[in-house]
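The values are calculated or read from the model by the stated rules, or taken from the named source; none is laboratory data. Please read these numbers as outputs of a predicted model, since none were measured by experiment. Please note: Cβ atoms are built from the backbone with ideal geometry, for glycine as well, and neighbour counts cover all protein chains shown.
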Ligand code: AHR
């Protein structure tokens, strides 16, 4: 597969050279030249390894305009990922090795190897102590030198190389520049690119004899607690920091962040302190202690940007209270909702008995709607009270589940008809350092015993939306659960402590002597989902939580777009082999890095080949132009190898909008994913949710605030594909009456058959500014008749377009004009037998 790609790469570039290029050479090529390898100090080497060449060792020419051929991937973006003082070595087999310092003056190094100086293998990081192991004395070491390039003097190493080596580097840079220019194509230039373009005609004729089976669970969703997607989002809890567990340092941009965040105390003489001496549960160590000398004292929670309540709706309140030892009488506590205008919207009185923590409950019915209400907890009599787990849920959660999900948001996701849900991340799954790896066991059981943690995206995870709730949600929407567990390593972008190689980053990994316990946790997760409560302790916990029947877990992801290092490989292999051996019914989804190419992609695929991993998770966030120019990406995949889960993808334009242009480029690409549904088993856009005013990442599929949900145009593409998927793909003969390649690439179609209904579904994508008049001959598949037509269209920058549904009558051969910039889905009954 990879070999094929490289042939394609170099042929494609060669085809773009002017006619005769390379034939009429005026000057003879040098036999050999000097190759200078260096990094720039002004950006601490973050732009990586660069090259220049010289025929006399004095006058240097930059190669590829100073492009980087290798970048360091060690530790944090922004402050780390440095390549300092790169040195080149060569082993007897001709392989190049680049060794660089990770920090100034440190004796910690990165190393990577390449046969051709363009294709670099996995990076390994090591300390001075291991230098001689990693850099054998048999390697040729190239001398240090100074070179002036473009008037600036650099330090680096000089090697004598064949001219062909330099030429290859130049061609590589040229090809990549050319390729980038294709990926940069955007609709803003369509006015010029397609000036004078007339409507295009397309004919499609189905070839049912060549139909092939495709995945019946292709379209799914990827849920991660990013952008306040869970707490303050999908998870319906209305009280922020209900457990007083917000920790300083979780959110660097909010000064007041800590155990008292979102809480205020009212009343003269009233005070609140945070206690830890005898909590409800050790996993939940903080609670609030209120001393009240008078009436009028209250603890007030402002919710997540306010609490939204709706007139007439019921809200379930619960709280843990403990009275001070001296109090021997029952104490009354008034709980109420206070509107933004100060009016009371609902109230109830709960009674706390002496003698330790007591859980109290009440139902509040809102008398008015408000988007900025607050919750007031007011002891009626003077005294000292400990409070914890003060919680308020709408009664109307999705499917009425206790500890449930926001009905409107969950329904919007369900409306996609996703066949699977991947959770809990993303980067949240592998965490910022090993202590931040998401541990599923911390997310189950009574809420007061769950172990909250810092969210890697800079806030707090209550774990209220935990594994039980994820599994339940999957079941409620008819989707397969696809949990992702860290591969024993945290995110490669985790902070490392300079001067300490094993300082918290990916290289630390879970210590090998703890891996057995870590693997047991994964086996326990599979049992939690699938085992019999009569014989398995974890399954019993599932039953106690209200679900005696199995959740029918079939897939588990191991790793999330990790850097493929030795540290990763060792741990991934241990986990993979253990699951294969101990729970053979489970399909493991491996990972091949964060990009569609490069060392993690290549190394990840090589590891998947070696271990025979059934499915691998690919990620790429790319420009619309990438999707337009890579519709053959999966056509080139080897069918005998691992299947693909396209776990994260989205089209990114400058400014990161979610508009018709991005959405249609995703739709265009999805038609090619359907065509390759025999190798691509699942696909999920990312990220899914974003709370307005709290987004760390754009674009997202669904934006929301406390009271409303705003699906994007990209959401509608997902919904149109999710609601119109099939399990058989039918190729077509296609002719377009315009021979321009850029026109051809912007028109796509896909025909699938859904064997459940027998329906034939035609999807048509037009990314041109003119109509595409389509004549479709589907007579071998359908007799025609009433059909549903759904059309999403707009100008490329439109962010508000919505699909329009209609019912139409089509013959088995029909004409249809695709509007400019549109996705159309035509669904018709299959041929009567
Ligand atoms: O989807 C947002 C992030 O993108 C995910 O957490 C991570 O896997 C990827 O880098």
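For segment 1-46, give me the residue count where each residue is at pLDDT 85 or above and crowded, with 16+ Cβ neighbours inside 10 Å. Break it down into steps so the answer makes sense when it comes.
Initial filter on segment 1-46 (at pLDDT 85 or above): 31-46.
When the remaining residues are screened for being crowded, with 16+ Cβ neighbours inside 10 Å, the result is 33-40, 44-46.
Residues in segment 1-46 being at pLDDT 85 or above and crowded, with 16+ Cβ neighbours inside 10 Å: 11 in total.
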Would you check if there is a residue in segment 617-631 being touching a helix residue (DSSP H, G or I) at 6+ places or on another chain (Cβ under 8 Å), within 17 Å of residue 563 (Cβ to Cβ) and either within 16 Å of the ligand (Cβ to nearest atom) or part of a loop (DSSP other than H, G, I, E, B) (or both)?
yes
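Of the residues 171, 193, 242, which is crowded, with 19+ Cβ neighbours inside 10 Å, away from the ligand (no atom under 16 Å from the Cβ), at pLDDT 95 or above and not assigned by TED's automatic domain parsing to the domain that holds residue 753? Full working, then the answer.
Numbers: 171 fails: crowded, with 19+ Cβ neighbours inside 10 Å; 193 fails: crowded, with 19+ Cβ neighbours inside 10 Å.
Sole residue among the options that is crowded, with 19+ Cβ neighbours inside 10 Å, away from the ligand (no atom under 16 Å from the Cβ), at pLDDT 95 or above and not assigned by TED's automatic domain parsing to the domain that holds residue 753: 242.
Can you name every residue in segment 750-765 that is out of contact with any helix residue (DSSP H, G or I) (no Cβ under 8 Å at 6 or more places or on another chain) and surrounded by 17 or more Cβ atoms within 10 Å (Cβ to Cβ)? Let's see the steps before the verdict.
Looking only at segment 750-765, we keep the residues that are out of contact with any helix residue (DSSP H, G or I) (no Cβ under 8 Å at 6 or more places or on another chain), and these are 751, 753-762, 764.
Once the filter is applied, which keeps residues that are out of contact with any helix residue (DSSP H, G or I) (no Cβ under 8 Å at 6 or more places or on another chain) and surrounded by 17 or more Cβ atoms within 10 Å (Cβ to Cβ), segment 750-765 yields 751, 753, 754, 759, 760, 761, 762, 764.
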Listed residues 593, 546; which is assigned to a loop (DSSP other than H, G, I, E, B) and either within 16 Å of the ligand (Cβ to nearest atom) or touching a strand residue (DSSP E or B) at 6+ places or on another chain (Cβ under 6 Å) (or both)?
593
Return a yes/no flag: does segment 381-399 have any residue that is touching a residue at least 60 places away in the same chain (Cβ under 8 Å) and within 16 Å of the ligand (Cβ to nearest atom).
no
Looking only at segment 41-69, which residues are part of a loop (DSSP other than H, G, I, E, B) and at positive phi?
44, 45, 48, 57
For segment 96-122, which positions are closer than 19 Å to residue 598 by Cα, in a loop (DSSP other than H, G, I, E, B) and touching a helix residue (DSSP H, G or I) at 6+ places or on another chain (Cβ under 7 Å)?
116, 117, 118, 121, 122
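From the set of residues in segment 205-224 that are under 24 Å from residue 718 (Cβ atoms) and not in a loop (DSSP other than H, G, I, E, B), which is nearest to the ligand (Cβ to nearest atom)?
First, the residues of segment 205-224 that are under 24 Å from residue 718 (Cβ atoms): 212-224.
Pick out the ones that are also not in a loop (DSSP other than H, G, I, E, B) and you get 212-213, 219, 221-222.
Numbers: 212: 31, 213: 30, 219: 17, 221: 12, 222: 7 Å.
Among those residues, the one meeting the criterion is 222.
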Outside the structural domain of residue 128 (by TED's automatic domain parsing) and free of Cβ contacts under 8 Å to residues at least 60 places away in the same chain, is that true of residue 587?
yes
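For segment 489-509, which residues satisfy the criterion of being over 23 Å from residue 697 (Cα atoms) and either modelled with pLDDT under 95 or touching a strand residue (DSSP E or B) at 6+ places or on another chain (Cβ under 9 Å) (or both)?
496, 497, 498, 499, 500, 501, 502, 503, 504, 507, 508, 509
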Inspect all residues belonging to segment 419-439 and state whether any of them is at pLDDT 95 or above, outside any strand (DSSP E or B) and away from the ligand (no atom under 16 Å from the Cβ).
yes
Going by what's in this entry, would residue 656 be described as over 17 Å from the mean Cα position of the chain (by Cα) and in a loop (DSSP other than H, G, I, E, B)?
no
Can you find a residue in segment 635-643 that is away from the ligand (no atom under 16 Å from the Cβ) and part of a helix (DSSP H, G or I)?
no
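Quick grid of which residues meet (1) without any contact (Cβ under 8 Å) to a residue 24 or more places away in the chain; (2) on the phi < 0 side of the Ramachandran plot; (3) in contact with a helix residue (DSSP H, G or I) (Cβ under 6 Å, 6 or more places away or on another chain); (4) in the same structural domain as residue 545 (by TED's automatic domain parsing):
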{"residue": "427", "(1), (2), (3), (4)": "no, yes, no, yes"}
{"residue": "432", "(1), (2), (3), (4)": "no, yes, no, yes"}
{"residue": "440", "(1), (2), (3), (4)": "no, yes, yes, yes"}
{"residue": "445", "(1), (2), (3), (4)": "no, no, no, yes"}
{"residue": "469", "(1), (2), (3), (4)": "no, yes, no, yes"}
{"residue": "477", "(1), (2), (3), (4)": "no, yes, yes, yes"}
Suppose we filter segment 675-729 for residues that are more than 16 Å from the ligand (Cβ to nearest atom), under 22 Å from residue 760 (Cβ atoms) and part of a helix (DSSP H, G or I); how many remain?
7
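Against the definition (surrounded by 17 or more Cβ atoms within 10 Å (Cβ to Cβ) and not in a helix (DSSP H, G or I)), how does residue 227 come out, yes or no? Explain how you work it out, then say what you get.
On the way: surrounded by 17 or more Cβ atoms within 10 Å (Cβ to Cβ): yes; not in a helix (DSSP H, G or I): yes.
Taking the combined requirement at face value, the residue satisfies it.
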Got a number for residues in segment 551-590 being out of contact with any strand residue (DSSP E or B) (no Cβ under 7 Å at 6 or more places or on another chain) and at positive phi?
1
Segment 658-669, subset closer than 23 Å to residue 415 by Cβ and touching a residue at least 60 places away in the same chain (Cβ under 8 Å), residue surrounded by the fewest Cβ atoms within 10 Å (Cβ to Cβ)
659
Please go through (1) farther than 28 Å from residue 723 by Cα; (2) at pLDDT 95 or above for residue 379 and return the number of the only condition it doesn't satisfy.
(2)
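Is it the case, given these coordinates, that residue 485 is touching a helix residue (DSSP H, G or I) at 6+ places or on another chain (Cβ under 6 Å) and either within 16 Å of the ligand (Cβ to nearest atom) or modelled with pLDDT under 95 (or both)? Walk me through how you get there before you give the answer.
On the way: touching a helix residue (DSSP H, G or I) at 6+ places or on another chain (Cβ under 6 Å): yes; either within 16 Å of the ligand (Cβ to nearest atom) or modelled with pLDDT under 95 (or both): yes.
Judged against the criteria, residue 485 is a match.
Have a look at 353, 414, 362 and point out the one that is surrounded by fewer than 21 Cβ atoms within 10 Å (Cβ to Cβ), away from the ligand (no atom under 16 Å from the Cβ) and over 26 Å from residue 286 (Cβ atoms).
On the way: 353 fails: over 26 Å from residue 286 (Cβ atoms); 362 fails: over 26 Å from residue 286 (Cβ atoms).
Of the residues listed, the single one that is surrounded by fewer than 21 Cβ atoms within 10 Å (Cβ to Cβ), away from the ligand (no atom under 16 Å from the Cβ) and over 26 Å from residue 286 (Cβ atoms) is 414.
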Is it true that some residue in segment 441-452 is within 14 Å of the ligand (Cβ to nearest atom) and either surrounded by fewer than 21 Cβ atoms within 10 Å (Cβ to Cβ) or assigned to a loop (DSSP other than H, G, I, E, B) (or both)?
no
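For segment 507-525, state whether one or more residues are within 16 Å of the ligand (Cβ to nearest atom), at negative phi and free of Cβ contacts under 8 Å to residues at least 40 places away in the same chain.
The answer is no; no qualifying residue exists.
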